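Down below is the structure, laid out as structure tokens.
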């Protein structure tokens with residue numbers, strides 16, 4: 001008789017119930033007493049079926065234990081020792097994935113000198129100062145990029161403007177939007193716009209333009225004055241808080257049609273997450289705030305170290321509890337890191353690649369080169385064609401083959417694999433010198449955070465399942481305010 | 001599923017696919033499901049041209065035109081049984097004299113009962 005072993009899953013508890021996250025499928029199931037008892041017994045040590053039945057005989061009938069074994073085996077939470085769970089197969093898309101989002105770097109110049117910036121710091125991928133990439137995207141290249149997006153996209157296309165500081169090239173941005181509106185209408189496609197900016201150049205004319213074209217706006221900002229002015233400084237070293245704060249308030253007052261988000265870069269010195277969150281939401285009026293640690297080589301003085309990651313996780317959990325309480329009361333909460341993870345959990349995202357870079361998302365450099373994403377735009381080593389000649393399909397297929405999670409042995413035994421798949425290519429490139437590496441420095445962090453989000457998901461699924469409907473279709477999200 | 005209840009969307013889909021074989025009497029934990037068509041086809045559909053023994057009720061061929069097993073008119077398990085009994089082709093089957101005398105006991109008519117020819121686990 002064959003030994004039953006614990007399989008590819010992660011058990012967690014929420015709202016007094018036991019749940020399982022199944023890594024083979026990214027399904028979330030609730031367990032009853034029998035399946036919980038079977039799984040716990042096998043987790044303690046592998047057992048054969050007869051032993052399991054007799055060990056649980058005082059609580060559960062043999063028939064029920066057999067059913068639970070069959071169900072747990074069927075979802076791969078258990079497996080027989082001689083039949084190990086098959087590893088994910090390297091399956092590539094047979095037809096090209098349509099382009100959904102194009103991130104357009106309209107300039108690689110910036111009026112701030114944030115020490116941690118991946119574009120200018122010691123860890124930069126692309127030589128932006130004296131390289132062959134022009135400092136500014138031309139109108140002609142912007143139009144060619146728009147044509148490229150509309151050629152490669154499905155019925156809906158998303159165009160994201162990026163930099164450098166994006167608004168330094170506002171003239172070309174405006175021209176691109178006018179051209180894209182006209183071309184999309186001619187082709188019967190829908191197009192929408194978003195922008196990431198440091199807010200230093202958000203004058204009234206710019207704000208009107210963004211509001212009029214319903215831009216999704218993300219502002220890079222680190223928090224209250226002492227935090228913001230620590231790294232986000234002008235070239236002369238002056239902090240930028242006093243310049244950006246009134247402009248952000250004006251933007252939020254004027255542009256009401258889409259929620260405006262803040263994007264915070266965490267460093268070793270700026271780890272007071274709750275204070276930053278409260279300032280950005282309550283004092284400034286952002287409806288969403290997302291946090292991410294600075295992408296750096298580990299030896300940089302501002303890199304978040306391993307104890308820093310523990311501190312981040314602890315504070316993330318604390319703030320995530322607020323999100324959970326708000327969600328149960330069907331109120332909006334702006335901690336976007338939780339919202340994004342919950343959406344992926346609810347849909348059962350099971351990623352073969354960590355993100356859409358190189359497939360549904362591409363970055364375009366100032367010269368019109370197409371790369372994995374905006375962080376690699378302009379890098380010859382990560383080039384996937386150019387906007388005029390189109391996507392280099394063989395380079396793209398090679399990229400997808402070489403970066404599939406099936407090729408990351410460390411990930412194959414990890415239960416958080418469906419949501420992480422090895423993590424950010426740019427982070428891996430900066431830390432390990434190759435986009436193919438799994439980001440092993442934050443595995444514990446990812447598992448800790450995923451576990452937190454699973455617990456929150458379980459609580460919401462039991463106490464206010466209606467909240468999760470927003471992830472199934474539009475119009476049901478609790479609105480900010 | 002009775003002892004596990006689906007919570008997210010993926011779990012609902014998983015439950016549907018796991019519950020389906022039970023209705024037709026299959027045993028999901030022992031059946032060779034990987035060789036049969038599961039879910040949407042992985043190859044673009046095209047005309048399937050059976051070759052070889054296709055004039056009788058026995059395809060007798062191990063792969064379809066794409067080199068896989070998903071497009072065969074009969075599942076490969078049936079092929080195994082057929083080659084073993086009625087054909088000169090040597091199919092590797094369990095030892096019916098000593099170890100697995102009842103291997104085909106439940107399979108009275110191959111066209112209907114091929115699913116009952118199971119793997120033999122040592």
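Coordinate-derived values only; no laboratory data. All figures in this text were calculated on a predicted structure; none of them were measured in a lab. Backbone-built Cβ (ideal geometry, glycine too); neighbour counts: all protein chains shown.
When the Cα gyration tensor is reduced to axis lengths a ≥ b ≥ c, the ratio a/c is 1.5 or higher for the stretch A:190-286, and with a/b above b/c it is classed as prolate. Multiplying the residue separation of residue A:402 and residue A:45 by 0.36 nm and removing their Cα-Cα distance gives an extension gain of 124.9 nm.
Tell me the angle of helix A:33-44 to the major Cα principal axis of chain A, expressed in degrees between 0 and 90 and rounded to the nearest ten. Between helix and principal axis, roughly 90 degrees.
Give me the Debye-computed log₁₀ of I(q)/I(0) at q = 0.10, 0.18, 0.24 Å⁻¹ for the stretch A:93-191, equal point scatterers on Cα only, no solvent, two decimals. Log-scaled intensity ratios, in q order: -0.32, -0.87, -1.18. Given axes a ≥ b ≥ c from the Cα gyration tensor, I'd like to know whether chain A is rounded (a/c under 1.5), prolate (a/b larger than b/c) or oblate. Prolate, since a/c reaches 1.5 and a/b exceeds b/c.
Rounding to the nearest 10 and keeping the result within 0 to 90°, find how far the Cα-based axis of helix A:139-152 lies from the longest principal axis of chain A. That works out to roughly 30 degrees. For residue B:112 and residue A:132, the FRET efficiency from 1/(1 + (r/R0)^6), where r spans their Cβ atoms and R0 equals 56 Å, is about 0.20. In chain A, the longest principal axis of the Cα atoms and the axis of helix A:306-328 are about 80 degrees apart. Taking label positions 7 Å along the Cα-Cβ direction at both residue A:83 and residue A:15, the computed distance is 3.4 nm, reported to one decimal. Distance from the alpha carbon centroid of the stretch A:145-160 to that of the stretch A:25-67 works out to 51 angstrom.
Using alpha-carbon positions, what is the distance between the centroids of the stretch A:399-421 and the stretch A:193-242, in Å? Going from one Cα centre to the other spans 36 Å.
For the stretch A:200-344, the mean projected area of the C-alpha convex hull, equal to one quarter of the hull surface, is 9.8 nm². As a rough footprinting exposure proxy, the listed residues A:158, A:403, A:332 were ranked by other beta carbons within 10 Å of their own, and the order from fewest upward is A:332, A:158, A:403.
Could you list log10 I(q)/I(0) for the stretch A:130-250 at q = 0.11, 0.16, 0.21 Å⁻¹, which the Debye formula gives when each Cα is one point scatterer? Debye intensities relative to I(0), on a log10 scale: -0.44, -0.83, -1.18. Residues within the reach of a label modelled at residue A:58 (point 7 angstrom out along Cα to beta-carbon, backbone nitrogen below 16 Å), restricted to the stretch A:10-39, are A:37-38. Between residue A:208 and residue A:412, residue separation times 0.36 nm minus the direct Cα-Cα distance comes to 68.5 nm. Panel order for A:213, A:79, by other beta carbons found within 10 Å of each beta carbon, from fewest to most: A:213, A:79. For the stretch A:376-481, the convex hull spanned by the alpha carbon atoms encloses 191 Å³ per residue. For residue A:147 and residue A:3, the FRET efficiency from 1/(1 + (r/R0)^6), where r spans their Cβ atoms and R0 equals 41 Å, is about 0.10.
Size descriptors for the stretch A:382-440, from the alpha-carbon set: Rg then Dmax equal 13.1, 42 Å. Here the gap between residue A:249 and residue A:355, fully extended at 0.36 nm per residue and compared with their Cα-Cα distance, gives a gain of 34.9 nm.
Ordered by the number of other Cβ atoms lying within 10 Å of each residue's own Cβ, fewest first, A:31, A:359 fall into the sequence A:359, A:31.
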